[in-house]
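Only the coordinates and a few stated rules stand behind these numbers; no lab work does. Keep in mind that what you see is a predicted model, and the values were worked out from it rather than measured. Positions of Cβ are backbone-derived with ideal geometry, glycine not excepted, and every protein chain shown enters the neighbour counts.
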Amino acid sequence: MVAVLLLSDDPTDYRLTAHFDNAGQLVGGEEVIVGGVAAGRVEEIELGAAGDAVVTFSVADEFAPLRRGTTATVRTFSLSGVANRKLALTLPPDSEAGAEIPADGTLTRRETVSAVDLDQLFNTLDPETIADLKRVIGGLERSYDGIGREANRGLRYLNPFLSTSRRLAAELTADEHALGRLLTDADRLSGALAARAPDVSALVANLDRMMAAIGSRRSELATAVAELPDFMRRSNTTFVNLRAALGDLTPLVRSSVPAVRSLRPFLPTLRELADDAGPALSELTRILRRPGAANDLVELTRAQVPLRDRAIGTGFPDCGPGPEDPADLEVAADGHFDQGAFGESICSLSNGHPQLEFLRAYTGELVGWFDTFSHSGTVDALGGVGRVGTTLNVFTPAPSGLPDLELTSILDLLQSTLPAGELLEGLSTGQTERCPNAQERPLGAVDPEDASVPFTDGGRLADGSLGHCDPSQVAVGP
């Protein structure tokens with residue numbers, strides 16, 4: 001409120017835009033200070049594309065143009081209050097100043113410092129300390145409950161200034177060496193003030209304007225003074241507990257000094273990374289959490305729990321005796337997959353192993369079926385040789401033109417086409433238990449050690465341990 005009354009009304013065409021991490025309770029109209037002197041005002045605050053605060057401010061002609069190396073800092077006045085802020089500009093020495101910043105130029109985040117509010121400091125406290133602080137404040141409130149008027153009357157007779165002045169005088173006379181140093185430092189201070197006489201004059205003028213503004217707000221000042229004792233009592237308790245917390249932080253700060261020194265060269269790059277990461281983090285925030293159902297990563301993660309339960313089931317799979325067991329078939333048919341999808345897959349593969357083991361032996365027949373329903377044969381000097389066999393069903397209907405024959409099989413049909421008394425040769429019947437590769441030419445007559453045709457898998461297909469087939473059932477012919 002006081003800052004608004006002290007704003008400079010001098011018009012200027014020199015304006016700059018500064019990017020802050022946060023606006024620090026700037027609302028517009030605050031003073032821009034250079035060396036304690038009013039040098040402009042804050043004109044506009046906007047939200048930047050990266051979530052930063054974009055502050056537009058003007059600077060008086062006597063300070064314009066600013067040069068690179070200037071730092072803009074959001075500061076508070078001596079008294080706490082809402083929106084009680086000012087924008088302070090720190091000008092670089094001439095030896096370190098960079099190029100001039102043109103009108104409507106920009107100060108980046110590396111050239112600005114946001115205000116640190118008291119509540120940000122309190123947010124560093126752990127929950128236990130905050131709970132203790134609340135209990136202390138509550139206890140102080142109860143201790144003054146009903147005696148507030150008497151306590152305020154007693155404060156009028158308490159003069160901490162005189163008490164501390166007496167103690168200060170005693171300390172000064174007790175240590176003459178310290179007193180000499182105090183006087184020496186005071187002399188240096190007087191010299192420094194004399195060297196900055198224009199700034200001191202401006203400070204006095206601004207103090208005069210400030211006091212005049214405060215005097216014009218007597219009612220507000222009276223209200224603030226009336227609220228001050230309660231505020232100071234609560235603040236005192238807060239600062240006492242904060243002092244203990246700062247003591248606990250001292251070892252951490254000391255241990256962090258070497259690491260901070262090593263990280264110093266990387267901090268400018270880290271600042272640029274943080275600036276560039278702003279839009280990406282904003283997008284990531286929308287991916288992690290968005291209003292609505294089934295549209296963000298949090299809900300996707302929660303959906304993994306029922307998916308996991310469906311996949312894993314109630315425990316380690318118990319596949320039972322095999323897929324031919326009626327109980328297992330009934331469970332699969334009813335859809336009660338208590339073992340989960342993974343468990344049922346394990347059982348399916350385990351129980352299907354005997355069938356796969358049995359079918360493995362008939363791979364040759366499957367490949368031959370794909371290979372034009374027979375075998376490609378071989379090639380010799382006479383040309384290509386192929387082995388072809390015909391398989392017919394046992395029963396077939398009687399063909400037209402033979403109504404007087406009572407045919408019961410294809411063999412009778414073929415025999416009926418021959419002259420009387422002549423037998424059909426080159427025909428084998430009843431071969432319903434052939435072994436794998438029985439269509440191929442046996443090699444046992446050429447090489448007695450070769451028993452690969454027909455294939456019995458080491459005899460397991462012939463003795464019934466894996467299945468059942470008859471090795472004697474082979475194709476007719478050489």
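Could you pull out every residue, at least 5 positions away or on a different chain, whose amide H is within less than 5 Å of the one on E43? Hs are placed 1.01 Å off N in the peptide plane, and Pro or chain starts have none.
G29, T56, F57, S58
Figure the gain on full extension for L252 and T432 (residue separation times 0.36 nm, minus the Cα-Cα span) and round it to one decimal in nm.
Taking 0.36 nm per residue and subtracting the Cα distance, the gain is 56.0 nm.
Given points 7 Å out from each Cα along the Cα-Cβ axis, report the T17 to A170 separation in nanometres with one decimal.
Going from the T17 label point to the A170 one covers 6.2 nm.
Of all DSSP beta bridges located in region 2-116, what percent are antiparallel, nearest 5?
Bridges in region 2-116 that DSSP calls antiparallel: roughly 75 percent.
Residues with beta-carbon under 13 Å from that of A192, excluding A192: net charge, scoring Lys, Arg +1 and Asp, Glu -1? Don't skip to the answer; put the middle values down first.
Numbers: positive: R188, R196; negative: D185, D187, D199.
Combined, the nearby Lys, Arg, Asp and Glu give -1.
Which of the trypsin sites (Lys or Arg not before Pro) found in region 239-292 are in a DSSP loop and have at most 16 neighbouring Cβ atoms, other than their own, within 10 Å? Let's see the in-between values first.
Details: sites: R243, R254, R261, R271, R286, R289; in loops: R289.
In loop regions of region 239-292 (DSSP not H, G, I, E or B), the sparsely surrounded trypsin sites (Lys or Arg not before Pro) are R289.
Using 1/(1 + (r/R0)^6) with R0 = 30 angstrom and r between the beta carbons of K134 and R75, what's the FRET efficiency to the nearest 0.05?
Given R0 = 30 Å and the Cβ-Cβ separation, E is 0.55.
Between R110 and S143, how high is the FRET efficiency from 1/(1 + (r/R0)^6) when r is the Cβ-Cβ distance and R₀ = 56 Å? Nearest 0.05.
For R0 = 56 Å, the calculated efficiency reads 0.70.
Roughly how many nanometres apart are two label points built 7 Å out from the Cα toward the Cβ at D126 and V367?
That separation, rounded to one decimal, is 7.2 nm.
Given R₀ = 35 Å, what would the calculated FRET efficiency be for A194 paired with L221, taking r from the Cβ atoms and rounding to 0.05?
Given R0 = 35 Å and the Cβ-Cβ separation, E is 0.55.
Quick one: if you stick a label point 7 Å off each Cα along the C-beta vector at A186 and R271, how many nm between them?
So the label points at A186 and R271 sit 4.1 nm apart.
Using 0.36 nm per residue of separation minus the Cα-Cα distance, give me the extension gain between S95 and H468 in nm, one decimal.
124.1 nm
Which far-off residues, 5 or more places away or on another chain, put their amide H under 5 Å from the one on V113, with H placed in the peptide plane?
Excluding prolines and chain starts, which carry no amide H, the hits are A72, T73, V74.
Name the GluC sites (Glu not before Pro) in region 87-138 that are in a loop by DSSP and that have at most 16 other C-beta atoms within 10 Å, would you?
E96
Of L89, T56, L16, which is farthest along the charge dipole of region 2-116 in the positive direction, counting Lys and Arg as +1 and Asp and Glu as -1 at C-beta?
About the Cα centre, the residue reaching furthest to the positive side is L89.
M210 to L47: extension gain in nm, 0.36 nm per residue of separation minus the Cα-Cα distance?
Numbers: separation 163, 0.36 × 163 = 58.68 nm, distance 3.13 nm.
Taking M210 through L47 to full extension adds about 55.5 nm, to one decimal.
Name the residues of region 22-64 whose amide N is less than 16 Å from a point 7 angstrom out from the Cα of T285 along the C-beta direction?
So the set is 22-24, 47-54.
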